[in-house]
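Worksheet: the structure to be examined is printed underneath.
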Amino acid sequence: MSETGQESSPSFSKHRIHDAFIAEGVAVADVDKDGDKDILAGFHWFEAPDWQIHDIQPPQSFDYKTAYSSTFVNFTMDVNEDGWPDLIRIDTPGEGVYWYENPKGEAKHWPTHFIDSSACNEAPMLVDLDQDGRKDLVFAHEDTGTMIWFRSPKVGRNSEWEVIPISKEKALGTNRYAHGLGFGDVNSDGRPDIIIRQGWWEAPSDPTEVPWDFHEVSLGEACSQMYTVDFDKDGDQDIISASAHQYGIWWHEQVKEKGNNTFKRHLIDSTFSQSHGAALADINGDGLPDFITGKRFFAHNGKDPGGKDAAVLYWFELQREPDGSPNWVPHLIDSDSGVGLQVLVEDLNGDGRLDIISSNKKGVQFFLQE
């Protein structure tokens with residue numbers, strides 16, 4: 001038992017609420033403010049607890065064998081600060097970014113608001129970059145080859161998303177379909193940095209300063225979301241990543257060599273491919289962050305290595321050896337769901353346990369922790 005009284009190896013019950021391929025992004029919010037958390041995917045939201053489907057915009061569905069979704073990533077936040085959660089939708093890489101205004105219970109399509117024309121990364125982020133309590137968007141812009149952040153609208157500050165560059169133009173990791181993007185304090189200075197698989201941008205004391213200093217280091221292959229944690233308890237931050245289209249999940253140990261900080265790669269798992277959506281969360285309540293990922297089924301329409309294998313979903317339990325080094329224990333949750341471009345970990349039903357939500361070519365599903 002952990003300190004919370006939770007079992008170390010929890011089980012999950014599977015709930016598929018929609019069978020069609022509508023999106024590879026997913027989000028959660030209490031859309032209708034009835035006290036229950038609802039699920040949003042693409043142009044739809046599913047009303048808890050019976051999961052009745054509602055249209056945010058005219059519905060779309062796609063053939064998983066030949067097509068890609070028009071929603072790669074979804075986020076929710078109260079963009080206009082009116083007390084109702086809104087939806088942010090990011091299209092396929094290189095296409096548009098929009099937010100949809102919650103109609104406050106009216107039975108109509110949600111008003112559409114344009115944010116940007118070209119988010120070219122495969123894992124754009126919504127994070128509190130300036131640490132002001134409001135989350136901001138981070139992604140690269142294909143036309144300029146610039147990593148940028150969009151400071152969120154805030155009453156008394158700015159009424160629209162404020163565009164602020166992070167990098168110079170034609171920077172690494174800013175091409176269309178760029179894989180691997182993360183957010184974390186790499187150098188332990190108290191400021192969150194921006195990570196790509198070719199290195200990281202060091203956050204200045206004023207995040208509006210341009211450009212941020214870039215540190216070029218190798219952080220592995222084309223991957224999904226990236227996270228920083230001191231996995232080996234040696235006082236510096238390490239980075240975890242997972243292959244988007246090949247096989248492999250790794251943690252990258254930060255080490256000092258000849259006066260320079262670099263990273264040593266350690267394999268966690270290579271039994272399944274296409275781990276294109278990943279999350280970091282304490283699944284079993286033991287105080288250690290675990291890694292949640294799975295196969296993005298038919299990511300390239302079945303053409304990737306292992307592309308037609310079972311759509312597995314796993315959580316990798318972080319344990320520590322006596323010397324502090326990490327040991328990762330895989331736990332299979334399901335073999336017919338996987339992940340999309342996102343996998344969301346959140347307490348969906350309010351029982352104090354973390355649940356897992358995804359939308360992909362298998363449909364929309366969630367897994368309640370029991």
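With charges set only on the Cβ (+1 for Lys and Arg, -1 for Asp and Glu), what does the dipole of the chain come to about its Cα centre, in debye to the nearest 20?
In total the dipole reaches around 1200 debye.
How would TRP201, TRP51 line up by accessible area, probe 1.4 Å, largest first?
TRP51, TRP201
Could you tell me which residue out of PRO58, VAL73, VAL31 lies farthest along the dipole of the range 5-97 toward its positive end? Charges go on the beta carbon: Lys and Arg +1, Asp and Glu -1, centred on the Cα centre.
Farthest towards the positive pole: VAL73.
Beyond 28 Å between alpha-carbons counts as too far, so tell me which of LYS37/LYS361; LYS104/LYS154; LYS14/LYS65; LYS170/LYS295; LYS33/LYS135 fall in that bin.
LYS170/LYS295
With a/c under 1.5 counting as rounded, go ahead and sort the range 278-370 into rounded, prolate or oblate using the C-alpha gyration tensor (a ≥ b ≥ c being the square roots of the eigenvalues; past the cut-off, prolate if a/b is larger than b/c, else oblate).
Oblate.
Mind checking the dipole of the range 65-152: about its Cα centre, +1 per Lys or Arg Cβ, -1 per Asp or Glu Cβ, Debye to the nearest 20?
Rounded to the nearest 20 debye, it is 320 debye.
Tell me, in nm to one decimal, what length is gained between ASN187 and TRP51 on full extension, where the rule is 0.36 nm per residue of separation less the Cα-Cα distance?
Gain in length upon complete extension: 44.6 nm.
The values are calculated or read from the model by the stated rules, or taken from the named source; none is laboratory data. The shown structure was predicted, so the numbers you read here are calculated from the model rather than taken from an experiment. Neighbour counts are summed over all protein chains in view; Cβ atoms, including those assigned to glycine, are modelled from backbone coordinates with ideal geometry. What goes into the accessible areas is simple: the full protein's heavy atoms, side chains included, and nothing from ligands, DNA or RNA. Shrake-Rupley method; radii C 1.70, N 1.55, O 1.52, S 1.80 Å.
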